[in-house]
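Engineer: Once you've had a glance at the structure underneath, I'll fire off some questions.
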Amino acid sequence: MRSIPQPGRPAPERIQWAEARGRAFSFTLEAGVPLLEAASRGFAGCGFSGGVLNIHSGALGPFAYVMPALSNTGENAAFYSETFRPEGITRLQTGAMTLGRRDGAAFFHCHALWTEADGRAGGGHILPEETMVAEPFAVEAFGIDGALFTAEPDPETNFKLFGPVPSASTRAETTGRAYALRLRPNQDFAGALEAFCRERGITNAKLHGGVGSIIGARFADGRSVEPFATEMAVRSGVIVAGADGTPEATLDVALVDYTGGLAVGRLIRGDNPVLMTMELVLEVF
């Protein structure tokens, strides 16, 4: 399987996780409000400090983003491009967001694909500080109680990354058990989820959110993405028992690579290693 050397020593624990309780719900992001504030309000309105969400359409403007890029210094395995600020309203096609805390304040990590006002299709990493909701749009969210994604320095990748940590309950209304996860580099996306579930006897779970990167991509229909640096959003994901009774992951994703190439499809199991990180929540049934 493909791998990319990271600048730091690999952490012994390859999946950072925290058990929690959670609930799926939907809300509408308010127009004329910064995207970070609009998302925070939606979770807070249901009693949650954070969680994850999935986007199926939406309108942003002003809008700022970066794309994956090669590292010019060697201090990271890959890096970010310059900041892009397209004019007009950008129409989201699909995306995912992790909402948590960074430096003591609300923060998000969000990857998406979109169409800009001039018709150009694009994708990348949305910047919280410079992005506004242009028109109201609905999102599917999953709030977690008892855990929170918190940005901390990660010596392995030399980035400050979200990872789940236990947190005090906010007494939000929840409906079931959940696990907040961060997958570390150079392990197969599906395989890591399957191993995590197998160790805990989980054979039926739904993936919520899903923000991160993989090393290129190999799709179930035979297509592949060769450029290694990507930004990826999970469109949908489930864990079900396979023919032998062990967990099997089905993962549909959207991504942009560092050359600007876009791809959407179902990942093959066993050949899609994580590049930097993968954040998500598993709702266990």
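The values are calculated or read from the model by the stated rules, or taken from the named source; none is laboratory data. Quantities reported herein were computed from a predicted structural model and do not represent experimental measurements. Positions of Cβ are backbone-derived with ideal geometry, glycine not excepted, and every protein chain shown enters the neighbour counts. Areas reflect the complete protein model, heavy atoms only, side chains present, ligands, DNA and RNA absent. Shrake-Rupley method; radii C 1.70, N 1.55, O 1.52, S 1.80 Å.
Engineer: Please work out how much length the chain gains when fully extended from SER26 to ARG198, using 0.36 nm per residue of separation minus the C-alpha to C-alpha distance, in nm with one decimal.
Structural biologist: Details: separation 172, 0.36 × 172 = 61.92 nm, distance 2.99 nm.
Length difference between fully extended and current span is 58.9 nm.
Engineer: If you don't mind, another one. Mind giving me the nanometre distance, one decimal, between the label points for ALA117 and PHE285, set 7 Å out from Cα along Cα→Cβ?
Structural biologist: 4.3 nm
Engineer: Please report the relative contact order for the chain, taking Cα pairs under 8 Å with a sequence separation of at least 6, and give it as a percent rounded to a whole number. Please report the intermediate quantities before stating the final value.
Structural biologist: Working: 874 pairs, mean separation 70.8, N = 285.
This gives 25 percent for the chain.
Engineer: Per residue, how many Å² of accessible area does the chain show with a 1.4 Å probe?
Structural biologist: 41 Å²
Engineer: Where the accessible area of the chain is counted over protein heavy atoms with a 1.4 Å probe, how much of it, in %, is carbon and sulfur?
Structural biologist: Numbers: 5810 of 11570 Å².
Roughly 50 percent of what the probe reaches on the chain is carbon or sulfur.
Engineer: Can you give the net charge of the other residues whose Cβ lies under 13 Å from the Cβ of THR174, counting K and R as +1 and D and E as -1? Mind dumping the intermediate values first?
Structural biologist: On the way: positive: ARG21, ARG23, ARG171, ARG177; negative: GLU19, ASP145, GLU173, GLU283.
It works out to a net charge of 0.
Engineer: Sort 202-208, 113-119 by packing, meaning the average of other beta carbons within 10 Å per residue, with the highest value first. Walk me through the numbers on the way to the answer.
Structural biologist: Values: 202-208: 20.1, 113-119: 15.3.
For the peptides 202-208, 113-119, the packing ranking is 202-208, 113-119.
Engineer: 222 nm [θ] for the chain, helices only, -39500 (n - 2.57) per DSSP H run of 4+, per residue, to 500? Show your work: numbers first, answer last.
Structural biologist: On the way: 2 runs with 21 residues, N = 285.
Helices in the chain give a 222 nm mean residue ellipticity of -2000 deg cm²/dmol.
Engineer: Still on this structure: Taking the chain as a Gaussian network, Cα atoms linked when under 10 Å apart, which of ARG85, ARG218, ARG269 shows the biggest mean-square fluctuation?
Structural biologist: For the chain, modelled as a Gaussian network with Cα springs under 10 Å, the answer is ARG85.
Engineer: For the chain, what is the percent of antiparallel DSSP beta bridges, rounded to the nearest 5? Show your work: numbers first, answer last.
Structural biologist: Values: 98 of 99 bridges.
Antiparallel bridges: around 100 percent, rounded to the nearest 5.
Engineer: Further question on the same structure: Given points 7 Å out from each Cα along the Cα-Cβ axis, report the SER236 to ARG41 separation in nanometres with one decimal.
Structural biologist: Modelled inter-label distance: 3.0 nm.
Engineer: When the chain is treated as a GNM, springs tying every alpha-carbon pair under 10 Å, which of ASP221, ASP188, ASP252 comes out with the largest mean-square fluctuation?
Structural biologist: ASP221
Engineer: Okay, next question. Expected output is a single nm value to one decimal: the length gained when fully extending between ARG171 and GLU226, i.e. 0.36 nm times separation in residues minus the C-alpha distance. What is it? Provide the component values of the computation, followed by the final result.
Structural biologist: Working: separation 55, 0.36 × 55 = 19.80 nm, distance 4.57 nm.
Here the segment from ARG171 to GLU226 would lengthen by 15.2 nm.
Engineer: Each residue of the range 273-282 in order: what ³J(HN,Hα) in whole Hz does its phi give by Karplus 6.51 cos²θ - 1.76 cosθ + 1.60, θ = phi - 60°, with x for Gly and Pro?
Structural biologist: With the stated coefficients, the range 273-282 comes to x, 5, 8, 10, 6, 8, 9, 6, 10, 9 Hz.
Engineer: Among (i) 1.25; (ii) 0.94; (iii) 0.97, which is the computed Rg/Rh (Cα atoms, Kirkwood Rh)?
Structural biologist: Answer by label: (ii).
Engineer: Distance from the Cα centre of the range 223-270 to that of the range 45-87, in angstrom?
Structural biologist: Distance between centres, Cα-based: 19 Å.
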